[in-house]
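Undergrad: Structure provided below as structure tokens; questions to follow.
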Amino acid sequence: MQIKEIKIFAGVGKNGQPDLVDEITFTMGDVISIVGPTGSGKTTLIDDIALFADCNTPTRRRVLINEAPAPEDFMNDPSQNPVAFITQHTNFLSDLPVNEFLETHADIRKRPDISSVVRETIEFANQLTGEPLNAENGMTELSGGQTRALLIADAVIISNSPVILLDEIENAGINRTKALELLKKYEKIFVFVTHDPRIALSSDFRIVMENGAVTKVLYPHDEELAVAEEIKKIDDLMLHFRRLIRSGERVTGGII
Amino acid sequence: MKVIICAGPPTTGKTTVLRQVTRRLIEAEFRPAYLKIDVLYAIEDQMFQKEFNIPSKKVYSGELCPDHCNVMVLRDAVEWAQKTSADFLLVETAGLCLRCSPYIEGGLGIVVLEATSGMNLPVKIGPMLTLADIAVVTKIDLISQAEREVFRSRIMKASAGIPICETNALCGIGIDALVKKIHASPDIGDSLVLRGNPPVGTCTVCVGKKEIGWQQHFGVVRPLENDIFYRGE
Ligand SMILES: Nc1nc2c(ncn2[C@@H]2O[C@H](COP(=O)(O)OP(=O)(O)OP(=O)(O)O)[C@@H](O)[C@H]2O)c(=O)[nH]1
Ligand SMILES: Nc1ncnc2c1ncn2[C@@H]1O[C@H](COP(=O)(O)OP(=O)(O)OP(=O)(O)O)[C@@H](O)[C@H]1O
Ligand SMILES: [Mg+2]
Ligand SMILES: [Mg+2]
Ligand SMILES: [Zn+2]
């Protein structure tokens with residue numbers, strides 16, 4: 001099934017107060033951020049999307065795919081599911097080596113050229129990690145950042161999922177700037193739960209949450225877009241210092 | 001009455017799954033009864049009694065292999081459940097013996113596997129999986145979608161065509177597919193027959209003879225280098 005859009009219809013927040021935006025539409029190609037304080041219900045909102053909520057979750061929200069309720073196949077067979085969800089906590093538990101796992105997954109997804117798809121996936125993941133992962137190693141031996149990087153790479157390349165939900169990748173120990181840049185090359189719906197201004201401002205729009213409910217949807221305007229450029233510079237500077245610290249070098253003042 | 005037999009390795013979520021099922025059966029105004037067969041210790045019967053106020057019972061298999069025990073007690077259990085005017089008998093077995101399977105003809109056999117158990121589990125557990133009518137995969141909340149898919153294909157490989165219900169049994173997500181299957185299962189007839197062949201038993205061991213070496217045993221025995229044969233009358 002080709003995904004054209006996802007619609008979320010308002011439900012209720014933690015005290016039963018309604019979402020203040022009746023209807024939110026994600027169109028193919030959109031990058032969306034979900035922002036709000038800790039505990040405000042951001043993860044819960046993407047959970048609703050991942051579950052294709054039909055007034056049957058505590059939030060009573062409803063999610064439609066291309067104007068219709070999601071077909072049962074989406075939930076029953078994970079390889080039919082167009083949504084890939086990379087959670088805050090997902091870890092690999094598999095005892096298989098990385099390459100064997102990826103080959104098996106690519107085979108399940110009926111990808112034509114398995115070995116090149118697997119290679120591409122590992123290359124993608126390695127662009128996001130500090131130290132490249134060893135494909136001969138067991139999945140459980142991967143570090144937290146390598147795990148997250150591989151999950152993203154698998155969702156994008158092997159599963160080729162049209163909708164990708166990412167919960168706080170800035171805390172995942174991966175290069176999020178690189179991730180953002182790589183991901184934007186793909187025509188998909190990306191939903192980022194984030195506390196990161198750079199990710200939030202490079203999205204098409206952001207959903208603001210409070211106390212379990214959506215309070216508004218904000219589209220970046222000209223002033224924000226200008227500020228976003230400044231934020232990028234500050235952020236790159238921070239990344240530069242981080243790189244120095246990480247690689248055991250001394251920090252120098254000249255650059256500021 | 002329908003008889004639902006639920007097997008699976010220890011702590012895979014059998015009880016959690018059956019609680020979700022029970023809740024839904026009661027909501028639909030059915031009257032389930034619950035039987036737990038375990039080796040040495042179980043409290044599930046009290047849980048079901050307390051949480052749902054339904055007829056509940058447990059049997060300790062003790063020295064017997066729990067699946068053998070199941071064969072011995074199930075007819076009595078069906079009568080017991082019928083007396084309580086139950087319309088579903090839910091049986092949770094201990095599922096320790098990987099050569100036996102507890103399922104019966106004319107009843108629904110459910111195997112519960114946990115998604116976190118390692119990719120080789122499906123090929124390790126033999127008839128417990130291959131003779132089941134449906135495989136329930138629990139704890140999908142703990143693993144990635146990619147791993148779910150691979151685990152699923154491993155199950156398919158071990159038991160082609162078996163329906164699979166993936167669930168986060170803690171909150172009951174995905175459990176409706178199982179409940180549908182339970183409703184669609186047939187009512188139990190008069191004859192109760194074990195599904196598939198029980199393994200050829202080293203029965204003198206089962207009954208407690210501890211001496212090592214086939215020379216010490218009767219019934220179906222096997223030496224190291226030869227195939228099994230029958231020794232005795
Ligand atoms: N995260 C998660 N935990 C689960 C799920 N299903 C069961 N559990 C947990 O797994 C543990 C074992 O579950 P039980 O239902 O007691 O397992 P069981 O198969 O009945 O265990 P025995 O009867 O002792 O063999 C419990 O702590 C459950 O809360 C699930 O889908 N997700
Ligand atoms: N609409 C709602 N109705 C009822 N409970 C809700 C609702 N939204 C969120 N909650 C509950 O509030 C708690 C926090 O929500 P959630 O984990 O989604 O927050 P978060 O914004 O992702 O927080 P963090 O930034 O810490 O990850 C959870 O226990 C969740 O079940
Ligand atoms: Mg969260
Ligand atoms: Mg139990
Ligand atoms: Zn046995």
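Undergrad: Excluding A:ASP30 itself, what net charge comes from residues whose Cβ is under 13 Å from its Cβ, given Lys and Arg +1 and Asp and Glu -1?
TA: Residues near A:ASP30 contribute +2 overall.
Undergrad: Below 15 angstrom from the Cβ of A:ILE3, what's the summed charge of the other residues (Lys, Arg +1; Asp, Glu -1)?
TA: Its environment carries a net charge of -2.
Undergrad: Have a look at A:SER159, A:SER203, A:SER116 and tell me which one the Gaussian network model of chain A (Cα, springs below 10 Å) gives the largest fluctuation.
TA: Top of the fluctuation ranking is A:SER116.
Undergrad: Is there a pair in A:LYS14/B:LYS180; A:LYS188/A:LYS216; A:LYS110/A:LYS188; A:LYS110/B:LYS14 whose C-alpha atoms are over 25 Å apart, and which pairs would that be?
TA: Distance filter (> 25 Å) returns A:LYS14/B:LYS180; A:LYS110/B:LYS14.
Undergrad: Tell me, what is the percent relative contact order of chain B, built from C-alpha pairs under 8 Å that lie six or more residues apart?
TA: Once divided by the residue count of chain B, the mean separation gives 23 percent.
Undergrad: In addition: Given a Förster distance of 35 angstrom, what is the FRET efficiency for B:PHE218 paired with B:THR11, based on the Cβ-Cβ distance and rounded to 0.05?
TA: Given R0 = 35 Å and the Cβ-Cβ separation, E is 0.45.
Undergrad: Which order, highest average first, do B:38-49, A:25-36 follow once you tally other Cβ atoms within 10 Å for each residue and take the mean per peptide?
TA: A:25-36, B:38-49
Undergrad: Taking only protein heavy atoms into account and a 1.4 Å probe, give the accessible area per residue of the range B:1-114 in Å².
TA: Numbers: 4720 Å² over 114 residues.
It amounts to 41 Å² per residue over the range B:1-114.
Undergrad: If one computes the Cα centroid of the range A:54-71 and of the range B:38-115, what distance in Å separates the two points?
TA: Using only Cα atoms, the two centres lie 37 Å from each other.
Undergrad: Given the options B:ALA158, B:ALA184, B:ALA132, state which has the largest fluctuation in a GNM of chain B using a 10 Å cut-off (strictly under) for Cα springs.
TA: Among B:ALA158, B:ALA184, B:ALA132, the largest GNM mean-square fluctuation belongs to B:ALA184.
Undergrad: Once you list every other residue whose beta carbon is under 13 Å from the beta carbon of B:THR11, what net charge do they have if Lys and Arg are +1 and Asp and Glu are -1?
TA: Net local charge, B:THR11 excluded: -2.
Undergrad: Evaluate the relative contact order of chain A (contact order divided by residue number), counting alpha-carbon pairs under 8 angstrom at least 6 apart; express in whole percent.
TA: 27 percent
Undergrad: Here's something else I'd like to know. When the Cα centres of the range A:161-183 and the range A:90-139 are compared, how far apart do they sit, in Å?
TA: Spelled out, the Cα-based centre of one part sits 17 Å from the other.
Undergrad: For the range A:110-256, how big is the tail of P(r) above 26 Å, as a whole percent of Cα pairs?
TA: 36 percent
Undergrad: Using Cα pairs under 8 angstrom and six or more residues apart, how large is the relative contact order of the range A:27-171, in percent? If you can, show how the numbers build up before the last one.
TA: Details: 158 pairs, mean separation 37.4, N = 145.
Over the range A:27-171, the number comes to 26 percent.
Undergrad: Take the Cα atoms of the protein assembly as shown, find their three principal axes, and give me the spread along each one in whole Å, biggest first.
TA: The Cα atoms of the protein assembly as shown stretch 94, 56, 40 Å along their principal axes.
Undergrad: Give me the one-decimal Kirkwood hydrodynamic radius in Å for the range A:109-150, with the sum taken over alpha-carbon pairs.
TA: 10.8 Å
Undergrad: Follow-up question, since we're still on this one. May I ask for the Kirkwood hydrodynamic radius of the range B:2-184, worked out over all distinct Cα pairs and given in angstroms to one decimal?
TA: Taking the inverse mean of 1/r over all distinct Cα pairs, the range B:2-184 comes out at 16.3 Å.
Undergrad: Continuing with the same structure: Using a 1.4 angstrom probe on the protein heavy atoms only, could you order B:THR167, B:THR15, B:THR130 from most to least accessible area?
TA: The residues order as B:THR130, B:THR15, B:THR167, largest area first.
Undergrad: Now for a separate question. Helix-only mean residue ellipticity at 222 nm, chain B, DSSP H runs n ≥ 4 weighted -39,500 (n - 2.57), per residue, nearest 500. What is it? Working shown, then result.
TA: Numbers: 8 runs with 76 residues, N = 233.
Mean residue ellipticity at 222 nm (helix-derived): -9500 deg cm²/dmol.
Undergrad: Taking every pair of Cα atoms in the range A:182-256, average 1/r, invert it to obtain the Kirkwood radius, and report Rg/Rh to two decimals.
TA: Over the Cα atoms of the range A:182-256, Rg/Rh equals 1.08.
Undergrad: Give me the mean projected area, in nm² to one decimal, of the convex hull enclosing the Cα positions of the range A:4-49.
TA: Working: hull surface 13.9 nm².
Averaged projected hull area, Cα only: 3.5 nm².
Undergrad: Any idea how far apart B:THR130 and B:ASP187 come out in nm if each label point goes 7 Å out from Cα toward Cβ?
TA: It works out to 3.4 nm between the two label points.
Undergrad: Could I ask something else about it? Averaged over every viewing direction, what's the projected area of the C-alpha convex hull for chain A? Give it in nm², one decimal, please.
TA: Mean projected area for chain A: 15.2 nm², to one decimal.
Undergrad: Counting DSSP beta bridges in the protein assembly as shown, what percent are antiparallel, to the nearest 5?
TA: Here the share of antiparallel DSSP bridges comes out near 35 percent.
Undergrad: What span do the alpha-carbon atoms of the range A:89-160 cover on each of the three principal axes, reported in whole Å from largest to smallest?
TA: For the range A:89-160, the Cα spread along each principal axis is 30, 24, 22 Å.
The values are calculated or read from the model by the stated rules, or taken from the named source; none is laboratory data. Everything quoted here is computed from the prediction, not taken from an experiment. Here Cβ is always computed from backbone atoms with ideal geometry, including for glycine, and neighbour counts include all displayed protein chains. We work out accessible area using only protein heavy atoms, side chains counted, and drop any ligands, DNA or RNA first. Shrake-Rupley method; radii C 1.70, N 1.55, O 1.52, S 1.80 Å.
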